[in-house]
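Beneath this line is the structure, given in structure tokens, with notes to follow.
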Amino acid sequence: SHINEYDLTLYIQNEDGQQYRRYEETHLQRAYTIGEIKQAAKEAGLVFQFLVDADTDNEVTRHTERYLFCMQENGK
């Protein structure tokens, strides 16, 4: 797996509409390969059904950035 770390600075307008409050956050995202996800699912008793592009619900292409996995409980 791979970890993506990024810092965000947000400026949220106060209710008075005249001032902004500053917020800072650090986000961590973990990315897994398709193979790692399939293996983890198998170990959890799930059966891989299909994979689609999460943004378009179409087939995965080389431009796909996010994947949606459909799994089923084994025997159900």
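Read the figures in this text as sums done on the coordinates, not as results from a lab. The structure displayed is predicted, hence computed values, not measured ones. Methodologically, a virtual Cβ is constructed for each residue, glycine included, from the backbone with ideal geometry; neighbour enumeration extends over all protein chains shown.
The charge dipole of the stretch 2-73, taken about the Cα centre with unit charges on the Cβ atoms of Lys, Arg (+1) and Asp, Glu (-1), comes to about 240 debye, rounded to the nearest 20.
Scanning residues 5 or more positions from TYR67 or on other chains, those with amide H under 5 Å from its amide H are ALA54, with H placed 1.01 Å from N in the peptide plane. Taking the square roots of five times each eigenvalue of the Cα gyration tensor of the chain, the equivalent ellipsoid has semi-axes of 37, 15, 14 Å, listed largest first. Length gained on full extension, ILE12 to GLU43: 6.8 nm, using 0.36 nm per residue less the C-alpha separation. The amide H of VAL60, built 1.01 Å from its N in the peptide plane, has ASP53 as neighbours under 5 Å, considering only residues 5 or more places off or on other chains. Taking 7 Å steps out from each Cα toward its Cβ at LYS76 and HIS2 produces label points 3.3 nm apart. Karplus-based coupling profile of the stretch 5-20, in residue order and whole Hz: 10, 8, 9, 10, 10, 10, 10, 9, 5, 5, 4, 6, x, 10, 10, 10, with θ = phi - 60° in 6.51 cos²θ - 1.76 cosθ + 1.60 and x standing for Gly or Pro.
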